[in-house]
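In what follows, a single structure is set out as C-alpha cells and then discussed.
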Amino acid sequence: MSTTTLMKQEEFVPSIFNDFFKPWNEWYENSGSPLTNKITVPSVNISETVREYKVLIAAPGLKKDDFKIDLEGNMLSISSEKKEQKEEKGEKFSRKEYSFSSFSRRFTLPDGVNRDKIEATYEDGILQLMLPKSDISKNISVKKIAIK
C-alpha cells in the first residue's frame, strides 16, 4: 500500500538559484532526517463482505500504543501521534533533532454495524479494523423488483 504525500506546490517559473543550489537541496531533501521528512497521510482500504466491513490502514513504523481509536455516535475516529527526539554528542559537537508526526482519519459508519463487537489489530505496519454487521443487516437480501 502506498501513502498519499502532501507537498508544497512547485514554482511555475524556476529560479536561476535553483540550479545553483541543486546539489545541496537534493542532499538535504534525501538526508532521511526527521526534520526534512514529508507529511504523509496513510492510505485506507475499505472492503465489505456479507458479515462485516474491513478497514485496513497502512501505517508502518508505529506501535499499537501510538494509535487512538474512538467511536462517537456513528463516527469512527482513528488517529496517531508519534514524537521522537535524537541527541548526539561528540568531543566538539552536540546535535539534537526532534520529530513529531500525526494523522487523523474519520469515517461515518454505515447502518447495521454491531458497535459492541468492533475489533482492531496492528501487525506488520497495517492497522486492521473489523466492523461486524448486526444480525438484522445480514438478513437483508437483494430483491429484484419487476417494472409493470
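Just so it is clear, none of the values below were taken in a lab; they were calculated from the coordinates. Everything quoted here is computed from the prediction, not taken from an experiment. We place every Cβ from the backbone using ideal geometry, glycine too, and count neighbours over all the protein chains shown.
General remarks:
- For region 67-148, the list of chymotrypsin sites (Phe, Trp or Tyr not before Pro) that fall in a loop by DSSP and count at most 13 other C-beta atoms within 10 angstrom reads 93.
- Residue exposure proxy: 57, 126, 118, 46, ordered by other Cβ atoms within 10 angstrom of their Cβ from fewest to most, comes out as 46, 126, 118, 57.
- Of 54/148; 63/133; 54/82, those spanning more than 32 Å from alpha-carbon to alpha-carbon: 54/148
- Summarised in one figure, the compactness ratio Rg/Rh of region 46-148, Cα atoms and Kirkwood Rh, is 1.25.
- Coil-residue trypsin sites (Lys or Arg not before Pro) of region 80-126, DSSP, other Cβ within 10 Å capped at 11: 92
- Compared with the direct C-alpha span, the chain from residue 50 to residue 71 gains 5.3 nm at full extension, assuming 0.36 nm per residue.
- R0 of 35 Å, Cβ-Cβ distance residue 83-residue 119: FRET efficiency to nearest 0.05: 0.80
- Full extension of the segment from residue 146 to residue 94, taken as 0.36 nm per residue of separation minus the current Cα-Cα distance, would add 11.0 nm.
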